Amino acid sequence: MKALRKFIDKQKPHFDLGGKFQKLKSAFDAVETLFYVPDKVTKTGSHIRDAVDMKRTMIVVFIALIPALLFGMWNIGYQHFLSHGEQPDQWTMFFYGFLEMLPIIIVSYGVGLGLEIVFAQIRNHEVNEGFFVSGLLIPMIVPPETPLWQIAIAVAFAVIFGKEVFGGTGMNIVNPALTARAFLFFAYPSDMSGEKVWISGLPDILPDTFSGATPLGNALVGNFDQMPTTYEMFIGIIPGSIGETSVLMILIGAIILLATGVANWRIMFSVFAGGYIMGLLFNLWGLNEYMQMDALNHLLLGGFAFGAVFMATDPVTGTQTKKGMYIYGFLIGIIAVLIRVFNPAYPEGMMLAILLMNVFAPLIDHYIIESNISKRLKRMKIAIKI
Amino acid sequence: MSTTFVIKNGLDIKLLGEAEKTIVDLNAEKFAIKPPNFLGCFPKVLVKEGDIVVAGTPLFYDKYRDNIVFTASVSGKVEAIKRGAKRRLLEIIIDSDGKNEAIDFGASNINDLKKEDIVEKMLKSGVWPVLRQRPYSIIANPNDAPKAIFVAAYDTSPLAPDFDLIVHGQGDEFQVGLDVLTKLTTGTVHLNVDSTKTTSKVFLNSQHVQINKFSGPHPSGNVSVHINRVDPINKGDIIWYLYPQDVLTIGRLFLKGRFDSTRIIALAGSEVKNPRYYKTFVGASIKNMVSGNTTDGDNRFISGTVLTGEKIEKDGFIGFYDSMVTVIPEGKYHEFFGWLLPGFNKFSFSHTFLSWLRPNKKYRLDTNIHGGMRAYVMTGKFEKVFPFDIYPMQLIKAVLVEDIDLMENLGIYEIDHEDFALCEVIDTSKTEIQSIIRKGLDLMRLEMS
């Protein structure tokens, strides 16, 4: 390892100010700090610092995504071969999905990290690790058949207009991964919905009893006889966006996020609570079959669980006060189910619910902080009276 | 007082190298008084290099509050007057003659004195600067009448000195010091003790003061926490605060009539071979304390705690308000894939390293920052180590944008930069939070004066 360190130290002057590659300083820093934690020491304030940094935080989220990612790869293969009426062994299915998924991931990281490095260089910052997670989230929330060029454009849009125009990771208003998804959804609606996009390599002639539609699509048009069982939805052997079908795998990720304290349990819990309560309210109303659907199914369907665990808990775009987190999460749950059931144009409400609440999060925080301020002013007035 | 204030949010950082409870004489040769220790003070020097001084001889005064003078803590010769950039006065170093002579200000019975006499005596002798005020942590204004005075009789910082040991056998001086304080305020003098760890009779049998009990992790020993729970600061309020050794200094001034700045200093930290307590005077050089008593290798010498102390050289001087010296290793090294390892031995408040499975482990922590500076991404973490009804992140951001009204509304008067030390330690984004808050407080002070 000493050889690598020596090599890096030797190359470093070329990238410093005045060096021949000074325009690549941010890229060089990103690579160097990937291998080695910097040797910087404290100058002011506390002399000791916690071992945690942004890289560590992001790698935890990355690890939490892996179960859902691996299952998603397998499920691409499973759905593909199912639609062809074939039954190959598990590894064939996984490998098929892996090869489908790999180019999407490469395009997402390539475009996203490239832009991040350019922006970091322009701003003279170090490259922020935020895209480390976004870059994996984006491939996991798109349908398997999404063309690569669309992913490239969506990622570029998300990084530039979802994040960098606001000042980069930490300053963004809306979740970048969901911005990419929303961009795809509104820019290329024909490639993002319908029955043909959810299964990779769908044959022209489908076997009998096979539609290729997602459960949400079925629910929207009232095909409740074609709905998978609760068990199938929980395990995730259904068509859907790549990473979001298996609630089981998402829950494993949720446990990792909560045990490490990286994600906030208040938001996660209240999203599920909000969705479930809205489902129950619809049960009471019971106008149509969709409203009568078991409230628990709402939590298993579509991107609800994935959104609750990985998207709503984004610390930058969510609320930052304790009370605000409950309100924010609860409203996401309610709005997601509301959109699903009421709006025929959008089979999935989770994406829109989170994006909407992202925009409202600062407002919620504002009122909670205002109440803190008025409490302080009130204390002062009482003190003056005495 | 039987109620105990229980502090829930906080963090005790467990470090190796706690000071053994024995006290030895330091016999330091050099002493220094460092004007940067006194926030907001513009020093005007009164002595020249080569002047002979005794304990109580004025060395400099504050240009804007010229009745506040700073005096020599020992007798000897002024060896050097060190200045830094822009001729900023850094240190006035005194070469001690070991005789410890002092000016006699006259012993007096505290009951016979009026407030004005007390204030004048404290100002003249150079004892006054031990009194500081909140907000801003500047030296108290002699013309103010604070609504209360707070004495913190214990410290919860990592490796903190044991004040019970320090005040042992000095009950008379301590009580006289407290009596002086009761004459300086129209309100109450609060003596704040740890509900279980404080056992010294000197503290628990104190008269004429209100004893408040606290329990919980650091920063439960911070003055701001005590004030916040007992008698919160509102806009316009002034509270004075000091520590037990300062109370003793005041007590000795009135009992003996001289500026006796005797200090007991804890030497602690993982790199100290014999961590223990040393008896000396204010501003002692740490040279005789650490030479031959620390491990080889690159070490950092800190006057004060690892959270809030000041970095000094290995022959540097202890700060005016500090009761301890900490020595920890410097962290100038590159760690290969440090962010990826399981991390059984890494200290972290987060649970992202497996070390959280060993909560009682004591650490040998170095000064490495462990990462690069980023924008704030993680939220809701600071609150866990910040036991105030204040939104820390929002306050930090208000300071960054220099929004005076917002800072005031969010409660900047109630806190000090030391209260943000733990936030700074656990910050994922590696920002210099204490400096930011300090800047905010200084800005408020200038704006309000």
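The values are calculated or read from the model by the stated rules, or taken from the named source; none is laboratory data. Because the structure is a prediction, the values reported are computed rather than measured. Here Cβ is always computed from backbone atoms with ideal geometry, including for glycine, and neighbour counts include all displayed protein chains. Surface areas here come from the heavy atoms of the whole protein model, side chains and all, with no ligands, DNA or RNA. Shrake-Rupley method; radii C 1.70, N 1.55, O 1.52, S 1.80 Å.
When N counts the residues of the protein assembly as shown, how does its alpha-carbon radius of gyration compare numerically with 2.2 N^0.38 Å, as a ratio?
Numbers: Rg = 31.8 Å, N = 835, 2.2 N^0.38 = 28.4 Å.
That works out to 1.12 for the protein assembly as shown.
What is the Cα radius of gyration of segment B:369-448 over 2.2 N^0.38 Å, N being its residue count? Write down the numbers at each step before the final one.
Values: Rg = 12.0 Å, N = 80, 2.2 N^0.38 = 11.6 Å.
Its radius of gyration relative to the 2.2 N^0.38 Å reference: 1.03.
Can you send over the carbon and sulfur percentage of the accessible area for segment A:232-386, probe radius 1.4 Å, protein chains only? Present the calculation step by step, with values, prior to reporting the outcome.
Details: 4620 of 6360 Å².
Ligands and nucleic acids excluded, carbon and sulfur reach 73 percent.
Probe radius 1.4 Å, ligands and nucleic acids left out: can you give me the accessible area buried at the A-B interface, summed over both chains, in Å² to the nearest hundred? The partial results should precede the final answer.
On the way: alone 19890 and 20360 Å², together 34230 Å².
Roughly 6000 Å² of accessible surface disappears when A and B pair.
Scan segment A:1-106 for trypsin sites (Lys or Arg not before Pro) in coil per DSSP, keeping those whose Cβ has at most 16 other Cβ atoms within 10 Å, and list them by number.
Details: sites: A:K2, A:R5, A:K6, A:K10, A:K20, A:K23, A:K25, A:K40, A:K43, A:R49, A:K55, A:R56; in loops: A:K20, A:K40, A:K43, A:R49.
Listed in order of number, the matching sites are A:K20, A:K43.
Between A:H366, A:L296, A:I335, whose Cα lies farthest towards the positive end of the dipole of segment A:265-386 when Lys and Arg beta carbons carry +1 and Asp and Glu beta carbons carry -1, centred on the Cα centre?
It is A:H366.
If I ignore ligands, DNA and RNA and count only protein heavy atoms, how much of A:I63 is accessible to a 1.4 Å probe, in Å² to the nearest 10?
My reading of the accessible area for A:I63 is about 80 Å².
So with the 1.4 Å probe, I'd like the accessible area per residue for the protein assembly as shown, rounded to whole Å². Numbers along the way, then the final one.
Details: 34230 Å² over 835 residues.
Here the per-residue accessible area is 41 Å².
Could you please state, rounded to a whole Å, how far the C-alpha centre of segment A:15-52 is from the C-alpha centre of segment B:241-268?
45
Show me the GluC sites (Glu not before Pro) within segment B:364-449 that DSSP assigns to loop and that have at most 15 other Cβ atoms within 10 Å of their Cβ.
Values: sites: B:E383, B:E402, B:E408, B:E414, B:E418, B:E424, B:E432, B:E447; in loops: B:E402, B:E432.
The qualifying sites are B:E402.
List the residues of segment B:200-249 that lose 50 Å² or more of accessible area once all protein chains are present, compared with their chain alone (1.4 Å probe, heavy atoms only, no ligands or nucleic acids).
B:N234
Using the Kirkwood formula over every pair of different C-alpha atoms, what hydrodynamic radius in Å results for chain B? Before the final figure, lay out the partial values.
Working: mean 1/r = 0.0440 Å⁻¹.
So the Kirkwood estimate lands at 22.7 Å.
Dipole magnitude of segment B:77-131 about its Cα centre, charges +1 at Lys/Arg Cβ and -1 at Asp/Glu Cβ only, in debye to the nearest 20?
On the way: 11 positive and 10 negative charges, 109 e Å.
Approximately 520 debye in magnitude.
If one computes the Cα centroid of segment A:160-183 and of segment B:39-114, what distance in Å separates the two points?
58
Taking +1 at the Cβ of each Lys and Arg and -1 at the Cβ of each Asp and Glu, which of B:S285, B:T3, B:H334 sits farthest along the dipole of chain B towards its positive end, judged by Cα position relative to the Cα centre?
B:H334
Pop out the carbon and sulfur fraction of the accessible area of segment B:369-448 as a percent, whole number, probe 1.4 Å.
Numbers: 1290 of 2400 Å².
Using a 1.4 Å probe with all protein chains present, segment B:369-448 comes out at 54 percent carbon and sulfur.
Any idea how far apart B:E313 and B:D389 come out in nm if each label point goes 7 Å out from Cα toward Cβ?
Those two pseudo-labels are separated by 5.0 nm.
With every protein chain left in place and a probe of 1.4 Å, what is the accessible surface of A:T245, to the nearest 10 Å²?
Solvent-accessible area, nearest 10 Å²: 10 Å².
Over segment A:76-138, what relative contact order in percent results from Cα pairs under 8 Å that are six or more residues apart?
Details: 35 pairs, mean separation 18.1, N = 63.
Once divided by the residue count of segment A:76-138, the mean separation gives 29 percent.
In whole percent, and with a 1.4 Å probe on the protein chains, what portion of the accessible area of segment B:10-142 is carbon and sulfur?
Values: 2990 of 6330 Å².
That share works out to 47 percent.
From largest accessible area down, sort B:Y333, B:Y241, B:Y321, B:Y64; use a 1.4 Å probe on the protein chains.
Numbers: B:Y333 80, B:Y241 5, B:Y321 40, B:Y64 145 Å².
Putting B:Y333, B:Y241, B:Y321, B:Y64 in descending order of accessible area: B:Y64, B:Y333, B:Y321, B:Y241.
Could you work out the Kirkwood radius for segment A:265-386, taking every pair of different alpha carbons, averaging 1/r and inverting it, reported in Å? Could the numbers behind the result be given before it?
Working: mean 1/r = 0.0653 Å⁻¹.
Hydrodynamic radius (Kirkwood, Cα pairs) of segment A:265-386 is 15.3 Å.
What are the semi-axes of the equivalent ellipsoid of chain A, taken as the square roots of 5 times the eigenvalues of the Cα gyration tensor, listed largest first and rounded to whole Å? Please report the intermediate quantities before stating the final value.
Working: eigenvalues 281, 196, 60 Å².
Equivalent ellipsoid of chain A: 37, 31, 17 Å, largest first.
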